Every structure is written in structure tokens, then in C-alpha cells.
Amino acid sequence: MAVETSCDETAAAVLRDGREVVSSVVSSQIELHAAHGGVVPDLAARAHLEVIGPVVEESLSALPGGWDAVDGVAVTRGPGLAGCLLVGTAYAQSAAVARGVPVVGVSHMAGHIYSAWLSDVTLEPPYLALVVSGGHSDVVELRDHGDAVRLASTRDDAAGEAFDKAARLLGLGYPGGPAVERAARTGDPGRFPMPRTRLDGALSFSGLKTSLRYAIRDLGAGALTDAGSPRDPAVVADLAASFQAAVVEQLLHVLGTIADRRGAERIAVVGGVAANQALRDAVRSRFAGLPVTVPPLSLCTDNAAMIGAAGWQRLRLHGPDAPGVAVDPGLDLYS
Ligand code: KG4
Ligand code: ZN
């Protein structure tokens, strides 16, 4: 049984033998935060507290025997919002203690890497993963279970954060990634030139964000709404498509360079931004000769099933000595 409450999704899942998803329940707080244009930490923690019980019970209802059939609990201990993480870890720990089963703390990032392992039964380490979420943009190699090494990261914003900021500039609201992708579908990616950032072994999205801001400013005040975003939906579509293409190209450049250099044999793309169809298509065509795992959308964005898979491996590797649930909002580990 696994619990995830690091940000704005309250999630619980039940796995059989670490790899078969018996149930995965996700209660999203999108409506709660949309009015504020982003996640409000206090509101998020309170909302987790309200729904964590029902979400866990719903996920357990798919398991014959319910709690009696659970033999371990995994929970996200970081990175994330402190108050949100506390709700999940307190719940998971009390439930595990009450039932006499072990509880293991899991890094949210390890969870994202394991979403690929969970979704593809042919996938085993070593594999190279592009991790692109709201907080991270990394290239990580899972050399073996419990043994991950980071090979590249971003110098400024994470890819998801860049999408969210672009959405705000374009007047597309929250959450940004899906909104930019939707707008980009009808746009011309060649209309607005965006910089092609090509750093060696690192990602950077701040220059791209500035270019988008200037491209919008250069439209002239008459073309903008009172909030400063372009009035014409066709222009928004072209800007969104141009921005998205530049993000995808940069991600592919860094992932491709590292994969070639290391002779990677298996590739995975995980995290919320992996839900982006343009990125999914581009990765598949760039690595046409290699097995590529891109989880289904439900496992790309935050969920508890991926936490269960990573936690199951931790319990398998460490047994009763598996790391505990001490909350660490700044945790930056893939293992
Ligand atoms: O992994 P995730 O659900 O939460 C974190 O761990 O951060 O990732 C959320 C991020 C957000 O920034 C969101 O805008 C982005 O993933 N995202 C997308 C898409 N769906 C979600 N970005 C681009 N295209 C999408 N379709
Ligand atoms: Zn995440």
C-alpha cells in the first residue's frame, strides 16, 4: 500500500509483488488552486487531510482482505511541501504501526523513475531516464535497483516549471503544461524563433522564458489583453507551439548526447512533462532503434503506484532497516 501527498494530489495505491497495480486512486486539487494561479501550500495540506482517509480506503477496497492483506506501507517523504508531506507520512506511519507492518519512506524522484519500471514489465536496470516534472529536469541512470546516479540537471527552472510560466505569460492559466500543449496543437512552431539552448550536460530554460516574454512584448500593446497576454488565439497557438518545440528540442539534445556517450541501451521518460505528446513522439523517433519506455499518462503525473514500486524495492533491499519516514522537503535523491 502506498501513499503520496507531496504537492497537490492526494494519492493511494495497492500493488501486488511491487509491480502489479491492484488499484491507484488520485484525488486532484486542481480546482482548489486554479483560482490562485498555482499551488497554495496551506490549502493543499488541509485538503490532503480531508481526503487522505477516503482515498486510502478506496484504494484498499480493490484488495480482497483490505488492510489485513497489506504487508508493507510506502510513503513519499520528500521532496515536496512540508505540510503536505507531513499529512501523508503521519497517516502512513500510524496505519502501519497499528497493523504491525513495516513502513518505508520514499523519495518522490525515485518514485518517478520507478513509474517506468512499473509500466513496462520488460524494463530492468540499467536504464537512462529523463525526469521532467514541476520541480526537476534531470537525466538519471538507474544502474541497479536502489543505485541511481544523476548525469545532468537544470541550471535554473525545471521543464514543468517552464511550461507553467509560459502558460501564465500566454494567459492560459494553471496547470500550465497541458494548457500549452493544447494551444500548441494548432500552432506553427516555426513562426516565433526561440533560442536553441545547447549546454553540455546541463539544461536551462530561463533564456527561453525571456524570449517568450520579449516575443509577446514585441507584438505591441494593441495586441495584448489588460493582463498582458496575446489577444489573438492564433498568435497564442503559434507562441505555444514555438516554445514547446524549443523545450522538446533541448531535452532531446541533452538526453541524446548522454545516451550516445554512455551507449545507453534502454531509455525512459518520466514525470509530469512526459505526458506531453510532442515530447513522447520526439523521444520515440530520436531513439527509434532502442527500447523506449514512456509510462501511460496516469503514471507520468503524480500518483502513489510509482511510490509503491520504489518502496517495494527499498523494502526488498533493506528489509526492516529500510529508511524511515522522516519528512525532508528538500530531499534530492533518486535512490
Ligand atoms: O510530476 P508532476 O505531476 O509533479 C511534480 O513532481 O512536479 O509534474 C507536474 C508538472 C507541471 O509543471 C505540469 O505543468 C507539467 O508537469 N505537465 C506537463 C503536461 N502535463 C503536466 N507539461 C507539458 N505537457 C503536458 N501535457
Ligand atoms: Zn512528481
### Query
How much accessible surface area, in Å² rounded to 10, belongs to the heavy atoms of ARG314 with a 1.4 Å probe?
50 Å²
### Summary
The answer for the chain, accessible area per residue at 1.4 Å probe in Å², is 41 Å²
### Taking N as its residue count, the alpha carbon Rg of the range 293-335 over 2.2 N^0.38 Å
1.34
### Query
If R0 is 41 Å, what FRET efficiency do you get for ALA82 and THR186 from their C-beta distance, rounded to 0.05?
0.50
### Task
Using only alpha carbon pairs under 8 Å that are at least six residues apart, calculate the relative contact order of the chain and give it in whole percent.
26 percent
### Task
Quick one: P(r) of the chain from all Cα-Cα pairs, 20 Å bins, percents rounded to integers, in order of increasing distance.
33, 55, 12, 0
### Task
Enter the angle in degrees (range 0 to 90, nearest 10) between the Cα long axis of helix 108-119 and the first principal axis of the Cα atoms of the chain, meaning the one along which they spread out most.
80 degrees
### Query
For the chain, what is the mean residue ellipticity at 222 nm derived from helices alone (per DSSP H run of n ≥ 4: -39500 (n - 2.57); sum divided by total residues; nearest 500 deg cm²/dmol)?
-14000 deg cm²/dmol
### Query
Where does helix 82-99 land angle-wise versus the long Cα axis of the chain, in degrees 0 to 90, nearest 10?
20 degrees
### Message
Please report the carbon-and-sulfur percent of the accessible area for the chain; probe 1.4 Å, protein heavy atoms only, DNA, RNA and ligands left out.
### Response
52 percent
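Take every DSSP beta bridge with both residues inside the chain and express the antiparallel ones as a percent of the total, to the nearest 5.
Working: 23 of 38 bridges.
So the antiparallel bridges amount to about 60 percent of the total.
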#### Entry: LEU43, LEU297, ranked by accessible area, largest first (probe 1.4 Å)
LEU297, LEU43
### Message
Just to confirm my numbers, what's the Cα centroid distance between the range 67-92 and the range 235-298 in Å?
### Response
31 Å
### Task
Enter the angle in degrees (range 0 to 90, nearest 10) between the Cα long axis of helix 206-217 and the first principal axis of the Cα atoms of the chain, meaning the one along which they spread out most.
40 degrees
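The values are calculated or read from the model by the stated rules, or taken from the named source; none is laboratory data. As the structure is a computational prediction, the values presented were derived from the model and not from experiment. With ideal geometry, Cβ positions are generated from the backbone for all residues, glycine too; neighbour counts draw on all protein chains shown. Areas reflect the complete protein model, heavy atoms only, side chains present, ligands, DNA and RNA absent. Shrake-Rupley method; radii C 1.70, N 1.55, O 1.52, S 1.80 Å.
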